[in-house]
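To start, the structure under review is shown below, and the notes come after it.
The values are calculated or read from the model by the stated rules, or taken from the named source; none is laboratory data. Only a predicted model underlies this, so the values are computations on that prediction, with no experimental measurement involved. We place every Cβ from the backbone using ideal geometry, glycine too, and count neighbours over all the protein chains shown.
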Amino acid sequence: MTTGRRQAVLSMGAVAVGATVLGMVLAGGLGITPSSSAARATAASAPAPVAATAAAPAPLPAVTGLPDFANLAQRVIPAVVAVYTEDVVKPQDMRRDHGDMDPFEFFFGPNFPHPDIRRPQKRQGAGSGFFISPDGLIVTNNHVVEGAEKINVRLTDDTELQGTIVGRDPATDVALIRVNGKGPFTPLSLGDSDALRVGEWVMAVGNPLAMEHTITVGVVSAKGRTLGISPDPNSRSFENFIQTDAAINLGNSGGPLVNLRGEVIGMNTAINAAGQNLGFAVPVNTVKMVLPQLKDKGRVVRGYLGIQITNVDQRAQESFNLPSRDGALVQSVEKDGPAGKAGLKAGDVIVAVGGVPVKDNRQLIDRVSLAPPGQKVDVEVIREGKRLTIPAVLAERPGSERDETGATTKEVTPTSKLGLALDDLTARTRRQFQVPTQIDGTVVTDVTDLSPADDAGLQPGDVIMRVNDHEVTSEQEFRDAISGLRGGTMVRFYIYRPQTDQKTFVFLRMP
């Protein structure tokens, strides 16, 4: 995939960012159509960073000789998990994600046999994650779990636990999930990505291509990479990746990138499929800044100014007669945004926010994006050679992830929890599903993907004749038969399957 120069709308407003990217792919999973999202944000006014938990082992001593990756791997691997997801994707969504290309051809080539994608398909994904607390909190990429209807987490001893999403932040591609199981779990210490230097040794751990607990090693190749791979223009300004030549592949997403002290300094996220040894990780300081809100609110709320900015380059410095290249040059201002209402103008160079100097775009983004909406900040600018202070009241960044509640709420019944839609056997339904007249029961008209009924193998056209020891001849009798069953109870259905003209038992657990 090749993306040309694009204008990106930033967290504090629309910030112009051009990026030419060749073959960028998120390392998120092995699904048919893995979702896309990657970004980054930090802020001086953000909540206090999450400190390494007391239960995490103390960092290894500084290494002065050759790296001992064997001991490092032994230390880190127990805290890393494989994350497997399942969801259902519609055909139009599958093609939209890959520019109307058949998604099977996108991943496997034109000659790969594939199912009929004209109907919704189950999609399985694989990614990675790592424990940050002994009570089961796991950090992973948002694009690993976004849209997942089921999340299974596999530990190093092959124990499988169900995971639930605690919070997601698409803008930084960070997600927090929790597993309920017998702990305590082994967490990793979170390091300081700002202190990371180009050339340092690093190790990536994860689940590449579903090969669990694989390690690869390399060095930090670069810092501060912007790739333009976020599907939301509002989020591209957060991109600030660590580049590494430690091999990263599909399935590595969400896994840790650690230094020689065993501290997480990044979260593996994306690769350049057109190159070799070009992997990218979200800096751990970005992760630490969003974790408190993800844990407490389930989402991240950001401040917003409503401007487009660029760094001050040599030409801008000479043209505006600026004393230095420090600051962020305002390219445009949203008329009704906070900056527009405050009186900021195109051509202003923002040099400080809240009394704290701004060196470049990144620092301005950081200071504004995680400041709370409604906060009043003093924006210091250079305008026509004069230094001015302009007070502005931040708004909430558009597109913040919110809890979605539908306009209408469907009634939740034991039948709907099972994932079943039923109907009485009438002359019409018998003809539709080819059910013989001597068969009595209630006919399955639809099965929800990934539901208990789907897991049990029930299909449209199946006729449920008996629930445990209760004969059923109608939908209402079926409802009555299961109404008293408690969640977790194993129930057996005796069914007739017209497709094979056979009767059989089906077993499933009540949700």
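Among the listed residues 337, 347, which satisfies the condition of being in contact with a strand residue (DSSP E or B) (Cβ under 8 Å, 6 or more places away or on another chain) and either on the phi > 0 side of the Ramachandran plot or without any contact (Cβ under 8 Å) to a residue 40 or more places away in the chain (or both)? Every option except 347 fails the conditions. Of 171, 175, all but one fail to be buried (at least 17 other Cβ atoms within 10 Å of the Cβ), of a type in the set (Gly, Ala, Ser), closer than 11 Å to residue 139 by Cβ and assigned by TED's automatic domain parsing to the domain that holds residue 74; the exception is 175. Being crowded, with 23+ Cβ neighbours inside 10 Å, at positive phi and either in contact (Cβ under 8 Å) with a residue 60 or more places away in the chain or under 21 Å from the mean Cα position of the chain (by Cα) (or both) is not true of residue 279. Residue 151 falls short of the stated requirement of being closer than 20 Å to residue 296 by Cα, more than 10 Å from the chain's Cα centre (by Cα), crowded, with 24+ Cβ neighbours inside 10 Å and not assigned by TED's automatic domain parsing to the domain that holds residue 451.
In the condition set (1) closer than 26 Å to residue 169 by Cα; (2) touching a Pro at 6+ places or on another chain (Cβ under 9 Å), residue 378 is compliant with all but (1). I'm told residue 363 meets every condition in (1) at pLDDT 90 or above; (2) assigned to a helix (DSSP H, G or I) except one. Can you identify the failing condition by its number? Of everything listed in (1) at pLDDT 90 or above; (2) assigned to a helix (DSSP H, G or I), residue 363 misses just condition (1).
Residue 431 meets each of the listed conditions (1) part of a helix (DSSP H, G or I); (2) under 35 Å from the mean Cα position of the chain (by Cα) apart from (2). Of the residues in the range 177-186, at least one is closer than 22 Å to residue 123 by Cβ, within 13 Å of the chain's Cα centre (by Cα) and not aromatic (Phe, Trp, Tyr). Across the range 257-276, the number of residues qualifying as in contact with a helix residue (DSSP H, G or I) (Cβ under 7 Å, 6 or more places away or on another chain) and surrounded by fewer than 24 Cβ atoms within 10 Å (Cβ to Cβ) comes to 2.
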